[in-house]
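*Asks:* One structure, as structure tokens, below. Some questions next.
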Amino acid sequence: MAAPFLALIGLSVGALGTGAVLLGGLVTGVSIGPVGVSAGVGSTNVIGAAAATVALSAQLDQSPIFTPASITGIEQAAATCPGLDWTLLAGGVLIDPSLAASLTSAATDLCDATNETAALSALLPGPTEDEVALVLAHALAADPELTEPVATALTFAAANIGAPYRWGGTGSGGFDCSGLTLEAYRTAGIIIPRVAQDQFDNVPAVPVGSSLEPGDLVFFGSGPRDVSHVGLYIGGGQMIDAPHTGAFVRIEATPTTPGARFGDDVYVGATRPG
């Protein structure tokens, strides 16, 4: 599955720089707000997945860095590490062109690192959350191991990393936890209930003991009848979620064993839309 790559790029808010400059100025007028940076269009801080993916794809196609030979080199370097998607290195080169001179060693560094988050941060000093979201959104959209609905849902969530938490929000001005998962799957053409408890009760459950897959919904609360939070699992023990008032959509670690602590709550279980 896609978990090894997703884990590589799974940066938490704390690991990122606090700037909000979009990658190469690709998507103008809107900046995602990891530290409360205002958006350039109205009051929304939300960037659409389609815009993010198209923007990075266009930059990959148009940048003089990415000649056919250089793309081949990036693909060959990525192949030295099983599970390393070439778009991670390509996105890294967009953020820091000097990385192009050491692709093989960069791939090895990422592959061999015991702490991949720290390794990626070291390779790309000071990436903004916007930049990471664009790279992740593009890579998710291009990942052949994900079904189209799952890739679309995860791409939507990734492209909205940094959007503010907004109670009751489903995109305009921000998201709450279930608003993010609702809209992610609505974008993929799958309709799920609005609130976390109903998403837990009415979407097909992942059997206890089964491995989670990217795209699964993971739930938290005091128990199965008191679900208060949901996130979108991306693999590697991480999820994208809209945590709470005052926070922003982010990637964070998630327990996967029922009853395991998650802050004041416990992990309750998972469902699989589809």
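*Asks:* Under the condition of being within 21 Å of residue 235 (Cβ to Cβ) and modelled with pLDDT of 75 or more, which residue from segment 56-79 is nearest to the chain's Cα centre (by Cα)? I'd like the intermediate steps shown before the answer.
*Replies:* To start, the set of residues in segment 56-79 that are within 21 Å of residue 235 (Cβ to Cβ) comprises 56, 78-79.
Then drop every residue that is not modelled with pLDDT of 75 or more, which leaves 78-79.
Values: 78: 20, 79: 22 Å.
Of everything passing the filter in segment 56-79, 78 is nearest to the chain's Cα centre (by Cα).
*Asks:* Return a yes/no flag: does segment 231-243 have any residue that is on the phi < 0 side of the Ramachandran plot and surrounded by fewer than 16 Cβ atoms within 10 Å (Cβ to Cβ).
*Replies:* Step one: filter segment 231-243 for residues on the phi < 0 side of the Ramachandran plot, giving 231-234, 238-243.
Still in the list and also surrounded by fewer than 16 Cβ atoms within 10 Å (Cβ to Cβ): none.
Scanning segment 231-243, I find no residue that is on the phi < 0 side of the Ramachandran plot and surrounded by fewer than 16 Cβ atoms within 10 Å (Cβ to Cβ), so the answer is no.
*Asks:* Which condition does residue 249 not pass, out of (1) at pLDDT below 95; (2) closer than 24 Å to residue 174 by Cα; (3) open to solvent by 10 Å² or more (accessible area, probe 1.4 Å), if it passes all the others?
*Replies:* (3)
*Asks:* Looking at segment 206-227 only, could you name the residues that are surrounded by fewer than 16 Cβ atoms within 10 Å (Cβ to Cβ) and part of a strand (DSSP E or B)?
*Replies:* 222, 223, 226
*Asks:* Residue 193 is checked against (1) under 17 Å from residue 176 (Cβ atoms); (2) open to solvent by 30 Å² or more (accessible area, probe 1.4 Å); (3) out of contact with any helix residue (DSSP H, G or I) (no Cβ under 8 Å at 6 or more places or on another chain); (4) modelled with pLDDT of 95 or more and fails just one. What number does that condition carry?
*Replies:* Here residue 193 clears every test but (3).
Conditions (1) touching a Phe, Trp or Tyr at 6+ places or on another chain (Cβ under 8 Å); (2) in a helix (DSSP H, G or I); (3) hydrophobic (A, V, I, L, M, F, W, C), marked per residue:
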position: 145; (1), (2), (3): no, no, no
position: 153; (1), (2), (3): yes, yes, yes
position: 179; (1), (2), (3): no, yes, no
position: 182; (1), (2), (3): no, yes, yes
position: 185; (1), (2), (3): no, yes, no
position: 194; (1), (2), (3): no, no, no
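*Asks:* Let me ask something else about it. For residue 203, indicate whether it is within 17 Å of residue 272 (Cβ to Cβ), modelled with pLDDT of 95 or more and either among the charged types (D, E, K, R) or surrounded by fewer than 24 Cβ atoms within 10 Å (Cβ to Cβ) (or both). I'd like the intermediate steps shown before the answer.
*Replies:* Details: within 17 Å of residue 272 (Cβ to Cβ): yes; modelled with pLDDT of 95 or more: yes; either among the charged types (D, E, K, R) or surrounded by fewer than 24 Cβ atoms within 10 Å (Cβ to Cβ) (or both): yes.
It is true that residue 203 is within 17 Å of residue 272 (Cβ to Cβ), modelled with pLDDT of 95 or more and either among the charged types (D, E, K, R) or surrounded by fewer than 24 Cβ atoms within 10 Å (Cβ to Cβ) (or both).
*Asks:* Identify all residues within segment 145-169 that are more than 16 Å from residue 239 (Cβ to Cβ), among the polar types (S, T, N, Q) and buried (at least 18 other Cβ atoms within 10 Å of the Cβ); write none if there are none.
*Replies:* 152, the sole residue that qualifies.
*Asks:* Hey, can you tell me all the residues within segment 80-95 that are modelled with pLDDT under 75, surrounded by 15 or more Cβ atoms within 10 Å (Cβ to Cβ) and not small (Gly, Ala, Ser)?
*Replies:* Across segment 80-95, the qualifying residues are 84, 85, 86, 87, 88, 89, 94, 95.
*Asks:* Residues of segment 206-230 being in contact (Cβ under 8 Å) with a residue 60 or more places away in the chain and either closer than 22 Å to residue 151 by Cβ or not hydrophobic (A, V, I, L, M, F, W, C) (or both), which ones? So that I can check it myself, show each step before the final result.
*Replies:* Of the residues in segment 206-230, the ones in contact (Cβ under 8 Å) with a residue 60 or more places away in the chain are 206, 208, 213-215.
Result: 206, 213, 214, 215.
The values are calculated or read from the model by the stated rules, or taken from the named source; none is laboratory data. Remember, predicted model here, so these are calculated numbers, not experimental data. Neighbour counts run over all protein chains shown; Cβ positions are idealised from the backbone, glycine included. For accessibility, only protein heavy atoms count, side chains too; no ligands or nucleic acids. Shrake-Rupley method; radii C 1.70, N 1.55, O 1.52, S 1.80 Å.
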